[in-house]
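Novice: Just dropping this structure here.
The values are calculated or read from the model by the stated rules, or taken from the named source; none is laboratory data. As the structure is a prediction and not an experimental result, all values here were calculated from the model. Note: ideal-geometry Cβ built from the backbone for every residue, glycine included; neighbour counts use all protein chains shown. Note: accessible area is taken over every heavy atom of the protein model, side chains too, but ligands, DNA and RNA are not part of it. Shrake-Rupley method; radii C 1.70, N 1.55, O 1.52, S 1.80 Å.
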Amino acid sequence: MNITTQAVQIGLEWDSRTGAVSVPIYQTATFRHPGLGQSTGFDYTRSGNPTRQALEDGMARLEGGSRGFAYSSGMAAITNLLLLFSSGDHIVVTEDLYGGTCRLFDRVFNQYGLQFTYVDTSDSAQVSAAIRPETRALFVESLTNPLLKFADLPALSALCRERGLLLIVDNTFLTPYLLKPLDLGADITVYSASKYLAGHNDTIAGLVVVKEPQLAERVYFHQNSVGAVLGPQDSWLVTRGIKTLGVRMDRQQENALGIARWLKSHPRIARVYYPGLDGHPDHDLMQRHSRGFGAMIAFEVDNPALVEQILLKTRLISFAESLGGVESLITFPEVQTHADIPPELRARLGINNVLLRLSVGIEDGDDLIEDLRQALEG
Ligand SMILES: *Cc1c(COP(=O)(O)O)cnc(C)c1O
């Protein structure tokens, strides 16, 4: 079945008693036991809740994994995965990484003895060279933030298999609609569902899908032990968001390509990063493995003074953090999303004082271009 159809079907099977098409919001902390030593399958909402499970099962089906897990945020989801490791373990990480993930690794989990090495994961020689006897995993973003480098997952998963490492993929920017990392050899996918999956800039949530049942058991143990679970109301919102994932993504990508081409031809724009453009270094690789190029664009203006002008003058496009929702948003990574990345690394990556990041929404594409034009041309 096509993933567009699968996404619409999430939750439909949940209430056979009334036939409710939308999964009910089981706003309950606990569940009555039918008898001594008996359970309906649900005992206490931290351990399991039907609304959350509808989302978790649906997500596992979309990805082709054995089990899904929903958390109170993307960071809570990544935190839960780090609990698979012990003090002394080492993880190789893609260097062009979401700032919050970098902060979690270097300023929280470092304190508990986990070690992280950041490399350019598009270069498998660099990945190989970073692997040590105590390395346990490779953590990458399928499409990086903010510079939109695409990870060669078949190559990386072959390397991980050879060296006995878990491959964990943050697939937030692409979603299973465009890329299914588990089919390309990843062991675990993780999402900030606050972005494209929920899709309406109205919910904070995280999701994990695990391929192998045994590993899923360990992840469940941590989900239940730590308890950073997604509540029933928010689980319902994410489920509702996922139902329209296909149509939203199609429209957002179409808008993004139009805007990227327009930006590229504008005299005040010095550089455009969008993998859907022919000149992007990962264009061909991404065309082979991904169903699309996503709807994130980064671009450089020709003068730092233009940054503030654009942020203040765009009217349709909101100056706000986050991404992936129906409303277009623009942000300045150097001082916002990526402020926690060490300055030397930021400079090497190309996150500088003229770089802006645009999350393209589902508005009319011409209206968005006109908004950018009037902001740029003052
Ligand atoms: C936003 C984001 C996160 C963090 O998710 P939250 O839901 O904000 O906690 C992690 N990874 C990527 C790529 C993100 O964009």
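Novice: Are there any pairs, at least 6 apart or on different chains, whose C-beta atoms fall under 7 Å, with the first in segment 177-204 and not assigned by TED's automatic domain parsing to the domain that holds residue 164 and the second more than 10 Å from the ligand (Cβ to nearest atom) and open to solvent by less than 10 Å² (accessible area, probe 1.4 Å), and if so, which?
Specialist: That search, which allows pairs on different chains as well, returns nothing.
Novice: In addition: Pick from 272, 209: which is closer than 29 Å to residue 23 by Cα and at pLDDT 95 or above?
Specialist: Just a single option satisfies the conditions, and that option is 209.
Novice: Is one or more of the residues making up segment 110-122 open to solvent by 40 Å² or more (accessible area, probe 1.4 Å), under 17 Å from residue 157 (Cβ atoms) and not basic (Lys, Arg)?
Specialist: yes
Novice: Could I ask something else about it? Quick check on segment 55-80: of everything there that is assigned to a helix (DSSP H, G or I), more than 10 Å from the ligand (Cβ to nearest atom) and in contact with a helix residue (DSSP H, G or I) (Cβ under 7 Å, 6 or more places away or on another chain), which residue is most open to solvent (accessible area, probe 1.4 Å)?
Specialist: 61
Novice: Also, I was wondering about something else. Residues that are in contact with a helix residue (DSSP H, G or I) (Cβ under 8 Å, 6 or more places away or on another chain) and assigned to a helix (DSSP H, G or I): does segment 288-295 have at least one?
Specialist: Yes, segment 288-295 contains at least one residue that is in contact with a helix residue (DSSP H, G or I) (Cβ under 8 Å, 6 or more places away or on another chain) and assigned to a helix (DSSP H, G or I).
Novice: Shifting gears a bit: Residues 32, 17: which one is basic (Lys, Arg), assigned to a loop (DSSP other than H, G, I, E, B) and modelled with pLDDT under 95?
Specialist: The unique qualifying residue is 17.
Novice: Consider segment 168-194. How many of its residues are in contact with a Pro (Cβ under 8 Å, 6 or more places away or on another chain) and within 16 Å of the ligand (Cβ to nearest atom)?
Specialist: 3
Novice: Report the residue count in segment 316-328 for those that are surrounded by fewer than 21 Cβ atoms within 10 Å (Cβ to Cβ) and within 12 Å of the ligand (Cβ to nearest atom).
Specialist: The number of residues fulfilling the criteria is 2.
Novice: Right, something else. Residues 11, 64, 41, 37: which one is out of contact with any Cys (no Cβ under 7 Å at 6 or more places or on another chain) and under 30 Å from residue 136 (Cβ atoms)?
Specialist: Only one candidate passes the filter, namely 64.
Novice: Can you say whether residue 17 is surrounded by fewer than 19 Cβ atoms within 10 Å (Cβ to Cβ) and touching a residue at least 40 places away in the same chain (Cβ under 8 Å), as far as the supplied structure shows?
Specialist: It is false that residue 17 is surrounded by fewer than 19 Cβ atoms within 10 Å (Cβ to Cβ) and touching a residue at least 40 places away in the same chain (Cβ under 8 Å).
Novice: Could you check how many residues of segment 83-108 are more than 21 Å from residue 151 (Cα to Cα) and touching a strand residue (DSSP E or B) at 6+ places or on another chain (Cβ under 8 Å)?
Specialist: The qualifying residues number 5.
Novice: Going residue by residue through segment 87-96, is there one that turns out to be in a helix (DSSP H, G or I) and surrounded by 17 or more Cβ atoms within 10 Å (Cβ to Cβ)?
Specialist: Checked against the condition, which is being in a helix (DSSP H, G or I) and surrounded by 17 or more Cβ atoms within 10 Å (Cβ to Cβ), segment 87-96 yields no hits at all.
Novice: Just need a number here: residues in segment 271-281 that are touching a Leu at 6+ places or on another chain (Cβ under 9 Å) and surrounded by fewer than 19 Cβ atoms within 10 Å (Cβ to Cβ).
Specialist: Total satisfying the criteria: 2.
Novice: Can you tell me which residues in segment 176-201 are closer than 27 Å to residue 90 by Cα and either among the β-branched types (Val, Ile, Thr) or surrounded by fewer than 24 Cβ atoms within 10 Å (Cβ to Cβ) (or both)?
Specialist: If the condition is that a residue be closer than 27 Å to residue 90 by Cα and either among the β-branched types (Val, Ile, Thr) or surrounded by fewer than 24 Cβ atoms within 10 Å (Cβ to Cβ) (or both), then 183, 184, 185, 187, 188, 189, 190 are the ones that fit.
Novice: Does segment 126-171 hold any residues that are in contact (Cβ under 8 Å) with a residue 60 or more places away in the chain, open to solvent by 10 Å² or more (accessible area, probe 1.4 Å) and outside any strand (DSSP E or B), and which are they?
Specialist: 149, 152, 154, 165
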